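Right, one structure below, let's go through it.
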Amino acid sequence: MKCKVILLATSLFICINLKAQTTAQDDLGAWYMYFFNGKLNEKWGVQGDVQYRNFNFGGDLEQLLLRGGVYFKPENTNVLLTLGVANITTGTIGENDETFNENRIYQEALIPQKIGRFHFSHRFRYEQRFVENQDFRTRYRYNLFLNIPLNKKIIEPKTIYLALYNEIFINGERNIGSNRTVPLFDRNRLYAGMGYQLNTSLRMQFGFMNQSLENIGKNQLQISLHHNF
């Protein structure tokens, strides 16, 4: 058994490295993500995520994203209002190792909604962006999440669930300096996957996301761990 595991891991490593040498825009990319949400008391908490994004399965850095904030939960609601910051390092596709940096401040409202077996969440996010070699920018984002338990009526430990979301991004300032502009529509992300609630604190998801920009699109494999504490 150990030999089989070693052989499988070695084969996967070789495949990843081979793909890393021949990355193309239409290759299937991969995002590996960790999300956390920590409750400090009944009204306050912290949340954030770490995302390692690749143009391929691994080795060709697309982005390293570090994000975190403090949230406030108004009394007698399930709404979370967050103020946070983020740092993003973005790479260049292929063998070029050049990167550029971005810092963000963001404000967010997360509004959960349950209708029968359907667990909706509406996330509104406003970002102030400080991108290297660009003028100050802003962006508006709306994400509609939907989780549907499959083997149980509610999402609890040992529940398998269907996970869906769609997020649209709209640019604020379109002039980014040096006679460069960006379109009003920034991108759209459409995702479908499966999740498993391990216990009251942890759940895992595996799925695929299609990201559409104005002129190009790309498919991404997503593997994520969601941690509440």
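The values are calculated or read from the model by the stated rules, or taken from the named source; none is laboratory data. Predicted, not measured: the structure shown is a model, and the values here were computed from it. Heads up, the Cβs are rebuilt from the backbone with ideal geometry, glycines too, and the neighbour counts pull from every protein chain shown.
Here the range 80-98 is the region considered, the condition is being more than 16 Å from the chain's Cα centre (by Cα) and surrounded by 14 or more Cβ atoms within 10 Å (Cβ to Cβ), and the residue that is modelled with the lowest pLDDT is 94.
Checking the conditions here, which among 224, 201, 212 is under 20 Å from the mean Cα position of the chain (by Cα), small (Gly, Ala, Ser) and closer than 21 Å to residue 89 by Cβ?
None of the others qualify; the one that does is 224.
Consider residue 213 carefully, then state whether it is aliphatic (A, V, I, L, M) and surrounded by 14 or more Cβ atoms within 10 Å (Cβ to Cβ). In short, no.
Can you pull out every residue in the range 147-170 that is in a strand (DSSP E or B) and either under 26 Å from residue 105 (Cα atoms) or modelled with pLDDT under 95 (or both)? Hits for the range 147-170 are 165, 166, 167, 168, 169, 170.
Being under 20 Å from residue 105 (Cβ atoms), modelled with pLDDT of 95 or more and among the basic types (Lys, Arg) is true of residue 67. If you go through the range 70-122 and keep only what is of a type in the set (S, T, N, Q) and in contact with a Gly (Cβ under 7 Å, 6 or more places away or on another chain), you end up with 82, 99.
Within the range 174-199, count every residue that is in a loop (DSSP other than H, G, I, E, B) and of a type in the set (Ser, Thr, Tyr).
Residues meeting the conditions: 1.
Of all residues in the range 157-191, those satisfying the criterion of being within 13 Å of the chain's Cα centre (by Cα) and within 21 Å of residue 26 (Cβ to Cβ) are 188, 189, 190, 191.
Only a single criterion out of (1) in contact with a helix residue (DSSP H, G or I) (Cβ under 8 Å, 6 or more places away or on another chain); (2) modelled with pLDDT of 95 or more; (3) not hydrophobic (A, V, I, L, M, F, W, C) is not satisfied by residue 59, namely (2). Condition check for residue 5 on (1) exposed (fewer than 11 other Cβ atoms within 10 Å of the Cβ); (2) modelled with pLDDT of 95 or more: one failure, at (2).
Consider the range 101-130 and keep the residues that are more than 19 Å from the chain's Cα centre (by Cα) and outside any loop (DSSP other than H, G, I, E, B). The one that is surrounded by the fewest Cβ atoms within 10 Å (Cβ to Cβ) is 115. Close contacts from the range 205-229, counting a first residue that is on the phi < 0 side of the Ramachandran plot and a second that is outside any strand (DSSP E or B) and not small (Gly, Ala, Ser), with Cβ to Cβ under 7 Å and a gap of 6+ residues or different chains, come to 214/183; 216/25; 218/25; 219/28; 221/28.
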